[in-house]
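A.B. asks: My questions will all concern the structure given below.
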Amino acid sequence: MKTHKIAVISGDGIGPEVIKEGIKILKKLSPSMQSKLDFIEYDLGASQYLRTKEAMPQSVFQEVVSSDAIFLGAVGDPRVPPGILEREVLLKLRFDLDLYINLRPCILYEGVYTPIKQKTSQDISFYVVRENTESVYAGMGGFFKKGTPDEVAVQEDINTRKGVERCIRYAFDFCQKRGYKNALTLVDKANVLTYAHNLWRRAFEEVSKEYPKVKTNAMYVDAVGMDFVRRPEIFDVLVTNNIFGDILTDLGAIISGGLGFAASANINAGEQPSKYSCHALFEPVHGSAPDIAGKGLANPLAAILAGKMLLQFLGEESPAERIDHAVRKAIQSGKIFKPESSDTQISTSAIGDLVFSFL
Ligand code: IPM
Ligand code: MN
């Protein structure tokens, strides 16, 4: 039996609470899996940084990247200036492992509240494929005359033909495999970013020829923001750059059950494998939420569903489906959410136990 090494980075804030529930579910399913999961916990994030001024020491990085996949809670802590933990842990892993896809489902499960009136689970069911290693996240830029009244700050939007094309190809593939509406939307701002998004449009057009069964369209990002609210039912799979994907998927999360529900997969899909054995990182989208940390208030469904995506990545389709089924049953029990709200009414561990009971 194959053993998969899973590096666990519970991280900061509510990270540890929600990851604990995710692992509880994954461990329960282990007898029904074709492989064995070996969880190895790494203490990374704010406490590590405050002790050593290094959020992820090189030796630990080497161990983490020799795993088969990473399960991450959240990084971010008010005691550390913004950007440090994000850059030294999460973005470092995304970049160094070349996890060029960030796959984010925005799926409203039956019985889950959406703030959009008259829309139901029939209407909100789409995936955003977010490019995950380029755009303004590449960190290219600098200051000129910093600190003076004439200061200039430049931050470059990087779009490489290779980076864009592999992301688009993944999105076509994913859309075809999903087999839902067979419709892929390119989200850009080609009317203003006339170089960068001209490249995206040409790459999209060319790759589309390899997928004659997938219907395509291109929309401007501002219009997509509007249509997430006005008519989310038109979407199946969307593909976009890193920064637009970041912003749109928070909006996507709120219409499909809240941040407590949003899971994500960061994947190197193998066209240009990185030099490390680890090709994927799974995380809830919500972040560390320090204001509610340690109180049992966090919703662990996002972490549990990130665990589902982890199993899918490892080829454990049927236990992954069992998680999905158990989450649906737990929601239908009516015990998790307050009426007409995506706020929860039972504790983090009680939600984990409820899902567990339906496995
Ligand atoms: C996300 C987060 C990160 C991002 C932050 C924490 C760097 O907002 O995963 O969406 O901007 O990508
Ligand atoms: Mn974000």
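The values are calculated or read from the model by the stated rules, or taken from the named source; none is laboratory data. Because the structure is predicted, anything quoted here is derived from the model rather than measured. For neighbour counting, all protein chains shown are included, and Cβ atoms are generated from backbone atoms with ideal geometry for every residue, glycine included. For the accessible areas, the whole protein counts, side chains as well, though only heavy atoms, and no ligand, DNA or RNA atoms are used. Shrake-Rupley method; radii C 1.70, N 1.55, O 1.52, S 1.80 Å.
A.B. asks: Anything in the range 37-93 that is within 17 Å of the chain's Cα centre (by Cα), under 19 Å from GLY13 (Cα atoms) and more than 16 Å from ligand 2 (Cβ to nearest atom)? List them, or say none.
C.D. replies: Once the filter is applied, which keeps residues that are within 17 Å of the chain's Cα centre (by Cα), under 19 Å from GLY13 (Cα atoms) and more than 16 Å from ligand 2 (Cβ to nearest atom), the range 37-93 yields ILE70, PHE71.
A.B. asks: Which of the residues spanning the range 235-247 are within 10 Å of ligand 1 (Cβ to nearest atom) and open to solvent by less than 10 Å² (accessible area, probe 1.4 Å)?
C.D. replies: Across the range 235-247, the qualifying residues are ASN242, GLY245.
A.B. asks: Which residue pairs have Cβ atoms under 7 Å apart, sit 6 or more places apart or on different chains, and have a first residue in the range 82-99 that is open to solvent by 40 Å² or more (accessible area, probe 1.4 Å) and a second that is in a loop (DSSP other than H, G, I, E, B) and within 14 Å of ligand 2 (Cβ to nearest atom)?
C.D. replies: Going by the 7 Å Cβ cut-off, the qualifying pairs are GLU86/VAL75; GLU86/GLY76.
A.B. asks: Quick one: would you say GLU205 is part of a helix (DSSP H, G or I), within 29 Å of ALA303 (Cα to Cα) and either in contact (Cβ under 8 Å) with a residue 24 or more places away in the chain or outside the structural domain of GLY15 (by TED's automatic domain parsing) (or both)?
C.D. replies: no
A.B. asks: Identify the single condition in (1) on the phi > 0 side of the Ramachandran plot; (2) surrounded by 17 or more Cβ atoms within 10 Å (Cβ to Cβ) that CYS167 does not satisfy, given that it satisfies every other one.
C.D. replies: Of everything listed in (1) on the phi > 0 side of the Ramachandran plot; (2) surrounded by 17 or more Cβ atoms within 10 Å (Cβ to Cβ), CYS167 misses just condition (1).
A.B. asks: Let me ask you something else. Pick from SER66, SER32: which is touching a residue at least 60 places away in the same chain (Cβ under 8 Å), open to solvent by 20 Å² or more (accessible area, probe 1.4 Å) and more than 14 Å from LEU311 (Cα to Cα)?
C.D. replies: On inspection, the qualifying residue turns out to be SER66.
A.B. asks: Only one of ASP222, ASP250 is within 15 Å of ligand 2 (Cβ to nearest atom), open to solvent by 10 Å² or more (accessible area, probe 1.4 Å) and either within 30 Å of ASP343 (Cβ to Cβ) or not assigned by TED's automatic domain parsing to the domain that holds ASP96 (or both). Can you tell me which?
C.D. replies: Among ASP222, ASP250, only ASP250 is within 15 Å of ligand 2 (Cβ to nearest atom), open to solvent by 10 Å² or more (accessible area, probe 1.4 Å) and either within 30 Å of ASP343 (Cβ to Cβ) or not assigned by TED's automatic domain parsing to the domain that holds ASP96 (or both).
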